[in-house]
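Q: Quick one: the structure is below, questions incoming.
The values are calculated or read from the model by the stated rules, or taken from the named source; none is laboratory data. If you're wondering where the values come from, they're calculated on a predicted model, not measured in any experiment. So basically every Cβ, Gly included, is an ideal-geometry build from the backbone, and we count neighbours across all protein chains shown. Quick note on the areas: whole protein, heavy atoms, side chains included, nothing else; ligands and nucleic acids left out. Shrake-Rupley method; radii C 1.70, N 1.55, O 1.52, S 1.80 Å.
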Protein chains: 2
Amino acid sequence: MGGREPLLLRCPLILPCSGCEVVRDVVVYIEDGVIEYVGSELKNGYRRGVVIECPKRSIAIPCLYNAHTHTGMLLFRGSYDDEDLESWSRKISVLEKRLQPWMVYHASRLAALEALSSSTCGLVDTYLYPRESMKALRDVGVRALVGRLITGIDDLQEARRAFDDAKAIRGEGGGLIGAVIDVREAALLPPETLKVIAEQALELGVPLQIHVSQTRREVYVAKKRHGRFPIELLESIGALTPLTILVNTGWVASWELNLVSRKGARLAFCPTTTMKLATGGHFPLKEVLEAGINVGLGTGSPAASNSLNMLREMRVMILLQRFSYWDTRIGARDALKIATEGSARLMGVRAGAIEEGRAADIAVVSLKNPWFTPLTANNIISHIVYNATPGDVEYTIVNGRPVYAKNSEHIQRLLEESREKLEEAIEALGGAVS
Amino acid sequence: MGGREPLLLRCPLILPCSGCEVVRDVVVYIEDGVIEYVGSELKNGYRRGVVIECPKRSIAIPCLYNAHTHTGMLLFRGSYDDEDLESWSRKISVLEKRLQPWMVYHASRLAALEALSSSTCGLVDTYLYPRESMKALRDVGVRALVGRLITGIDDLQEARRAFDDAKAIRGEGGGLIGAVIDVREAALLPPETLKVIAEQALELGVPLQIHVSQTRREVYVAKKRHGRFPIELLESIGALTPLTILVNTGWVASWELNLVSRKGARLAFCPTTTMKLATGGHFPLKEVLEAGINVGLGTGSPAASNSLNMLREMRVMILLQRFSYWDTRIGARDALKIATEGSARLMGVRAGAIEEGRAADIAVVSLKNPWFTPLTANNIISHIVYNATPGDVEYTIVNGRPVYAKNSEHIQRLLEESREKLEEAIEALGGAVS
């Protein structure tokens, strides 16, 4: 696990980007977290450092990024799995009152390890005790935007805390971690306070996530209370800016999409979460892509989607989009593009491709398992998107450091420790909660 | 790998059935393929045989069954992934003209191994060269109903061949393999010949699978040509019997469901396939369950769904049902019940539970990976259904024989051989086909 040493990666196959062709026998040379060289043979002039020889029948691909999660909620994975969004949130919030910082630390740490095991180099992560999450993610070595999830903003106290967290995270996050702020159910909150939050976020230059238009009810309430659709409402109070990330907008109208596009706001979509919590609606991915809106893919909370597996999320995204549109226009390359370039851009990381000058975020995926057969140059992307599992991931390299290696003792030790701590936490939270 | 020796399984955790609670420290004793004893400690009187000690933090669960697949189509996995049902079928059928028996043998063998790796003990498998598939499945040691997929029945020649295959498979399949017949796009075929096939199937006592009401077009054509909805049409010609299995009926009307129920016919549902091929529609699982109809879960062809992974299919089933109904009533226990008891009953196997007197079809799943954390007695089923991957499966025991063990050299050898053969086949079929 080389700190600032250079890294040399030699792989039998490489997929340089989601729209690229597969190339054979490639050498990737990385210095100071940046890809310096990608080619068939290494010229002189490179410094000796860490060398990774990819296994036979494996491929290096650009890393995935999880555009939306609440890693601390990993504690509640498997609890209340049969509730819909509203009653699920209500029941979880009872447990959240008993949360302690160390619980969130270990939940976030395990979530980061789980993310790495599915080729994921970074996450946008908001929840309670964000400074604990930040420490956990920093300790593991993933990229992240971390911040507080604001659940009620009537008195602005929580919002103030969120901004304090954002400042602290900026200071202590190190090179890979930035700050973010997240607001739950925007349309159900007082627009005046939302307006203040948006202004302050803009002033501080902190990305502002807003869960909006997730349910029919939210749209109905916004229209009834304010005479506007939820995203129209956000626009009217100045909360739609290039720093805004709208989350799980399943009930969005076409004219709202135009506003998002015009204001340069971003979208994050978590298909498993919306399906499992039965919020209905339809995230109009084709129109979003046509409008040139920056869209990222996320798992959502591991309590809602049960997983941090972004490989699986790509597949679910395609299936859901095909089912909703009754056509097959969204395919494997789209999913990979959104999970790599789309989510990376949303996070502000110059990655998403294995290309000179980009951040060195790379995953090495073994193609040995039966589900990758038959393998041809033309079906590799399809196989990865439809079939790859965390068990197929050999290495995940973040910023030039191999922070995850399958079967590494270091990773196993961290996992075991966090597992024990989380099971202690579950006891402390009252044991079984399902 | 014990032939007819008794088998003793000792596990730290066991889930006896989908509706059961998890039990700790259980011994399972198996003789002649039947579960003889399940309990906390083994009494005297058992014969010495194979002993399997389940790993720490693992659980024995009833096996899953894949109610619908075409294993030979594994050859075309990753080909034409962006086509809809109609054009996909058309393009695949061009490749099928060049198929050779050895290609189907190896595709089916690899498919069986892949199925076993996801806790699956049996499959309903129809395609071209069914006798080759039968041999492959028999060689691997899984249960199956195997038969010919009839694609055009204008002259009844293919149907005649299907019945010849059925007789041969019955004779040579051995104890674990039975015969089946499958008809593609029932409503688009001449009812007269379909009637003859149904009569002969009934006479022979062979289960008759019918792909029906998969697309809106099929419903439209049936109504226009025959004045009836597709399943009404089947009923009117006597093709709806307890031996009938209707596949992927996504465009079914409520009165047709009543016919299915009244006639004792069965249903097989492949959520990934219908989503990926964008057939639209809605498989009304809640109404199906309420009507007491026997329903099984399947992956469909590995060229359509890209996978033989039944663990994944359970999860996709829940997500799709929740999305379609806008409610969360279908949950992990339902999915497990359908994939175990439902599919087993559809196949005519007395399994689906780890219970004395049942067929000894059992999978052992490790719960060590991070996606099973936190683990409590109450969330194990949820964790298995939402998160288990093939890499988590330690053993799959079919009829009292551990035919699959993770990392076993025997399995690895078979996989490698079939992989090489399939890549040869792809070359022979004209190389890249994507």
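Q: Which helices (runs of 4 or more DSSP H) does segment A:298-397 wholly contain that include 2 or more residues that are away from chain B (no Cβ under 14 Å) and at negative phi? If you could, list the steps in order and put the result at the bottom.
A: Values: elements: A:310-325, A:332-337, A:343-347, A:380-387.
Hits in segment A:298-397: A:343-347.
Q: For segment A:240-260, name all the residues that are surrounded by fewer than 18 Cβ atoms within 10 Å (Cβ to Cβ), among the small types (Gly, Ala, Ser) and in a loop (DSSP other than H, G, I, E, B).
A: A:253
Q: Of the residues A:244, A:249, A:274, which is closer than 19 Å to residue A:322 by Cβ, assigned by TED's automatic domain parsing to the domain that holds residue A:187 and of a type in the set (S, T, N, Q)? Give the derivation first.
A: Working: A:244 fails: closer than 19 Å to residue A:322 by Cβ; A:249 fails: closer than 19 Å to residue A:322 by Cβ.
Unique residue meeting the criteria: A:274.
Q: From the list A:279, A:273, which residue is within 13 Å of chain B (Cβ to nearest Cβ) and either open to solvent by less than 10 Å² (accessible area, probe 1.4 Å) or part of a helix (DSSP H, G or I) (or both)?
A: So the residue among A:279, A:273 that is within 13 Å of chain B (Cβ to nearest Cβ) and either open to solvent by less than 10 Å² (accessible area, probe 1.4 Å) or part of a helix (DSSP H, G or I) (or both) is A:273.
Q: Restricting segment B:160-205 to residues that are basic (Lys, Arg) and not in a loop (DSSP other than H, G, I, E, B), which is farthest from residue B:108 (Cα to Cα)? First the steps, then the outcome.
A: First pass over segment B:160-205, keeping only residues basic (Lys, Arg): B:160-161, B:167, B:170, B:184, B:195.
Now narrow it down to the ones that are not in a loop (DSSP other than H, G, I, E, B): B:160-161, B:167, B:170, B:195.
Working: B:160: 23, B:161: 20, B:167: 20, B:170: 18, B:195: 30 Å.
The residue in question is B:195.
Q: Here is a follow-up. Anything in segment A:128-159 that is in contact with a helix residue (DSSP H, G or I) (Cβ under 9 Å, 6 or more places away or on another chain) and in a helix (DSSP H, G or I)? List them, or say none.
A: Initial filter on segment A:128-159 (in contact with a helix residue (DSSP H, G or I) (Cβ under 9 Å, 6 or more places away or on another chain)): A:128-156, A:159.
Within segment A:128-159, A:130, A:131, A:132, A:133, A:134, A:135, A:136, A:137, A:138, A:139, A:140, A:159 qualify.
Q: Write out, first by first residue and then by second, each pair whose Cβ atoms fall under 8 Å of each other, whose residues are 6+ apart or on separate chains, and whose first residue, in segment A:79-93, is open to solvent by less than 30 Å² (accessible area, probe 1.4 Å) while the second is charged (D, E, K, R).
A: Every condition considered, the pairs that remain are A:79/A:91; A:81/A:276.
Q: Residue by residue through segment B:16-57, note down the ones that are more than 24 Å from the chain's Cα centre (by Cα) and polar (S, T, N, Q).
A: Scanning segment B:16-57 gives B:40, B:44.
Q: Sticking with this one: So residue B:263 fits all but one of (1) surrounded by fewer than 24 Cβ atoms within 10 Å (Cβ to Cβ); (2) touching an Asp or Glu at 6+ places or on another chain (Cβ under 6 Å); what number is the exception?
A: (2)
Q: Looking at the structure I just gave you, is residue A:228 more than 14 Å from chain B (Cβ to nearest Cβ) and outside any helix (DSSP H, G or I)? Give the steps one after another, and end with the answer.
A: On the way: more than 14 Å from chain B (Cβ to nearest Cβ): yes; outside any helix (DSSP H, G or I): yes.
Answer is yes for this residue.
Q: Considering segment B:354-383 alone, what residues qualify as being in contact (Cβ under 8 Å) with a residue 60 or more places away in the chain, of a type in the set (Val, Ile, Thr) and open to solvent by 10 Å² or more (accessible area, probe 1.4 Å)?
A: Listed by number, the list holds a single entry, B:381.
Q: Sticking with this structure for a sec: Would you confirm whether any residue within segment A:146-161 is touching a Gly at 6+ places or on another chain (Cβ under 6 Å) and open to solvent by less than 30 Å² (accessible area, probe 1.4 Å)? So that I can check it myself, show each step before the final result.
A: First, pick out the residues of segment A:146-161 that are touching a Gly at 6+ places or on another chain (Cβ under 6 Å): none.
No, that holds for no residue.
Q: Check segment A:23-37 and report whether any residue there is within 30 Å of residue B:386 (Cβ to Cβ) and either touching a helix residue (DSSP H, G or I) at 6+ places or on another chain (Cβ under 8 Å) or not assigned by TED's automatic domain parsing to the domain that holds residue A:343 (or both).
A: Looking only at segment A:23-37, we keep the residues that are within 30 Å of residue B:386 (Cβ to Cβ), and these are none.
No, there is no match, as no residue in segment A:23-37 is within 30 Å of residue B:386 (Cβ to Cβ) and either touching a helix residue (DSSP H, G or I) at 6+ places or on another chain (Cβ under 8 Å) or not assigned by TED's automatic domain parsing to the domain that holds residue A:343 (or both).
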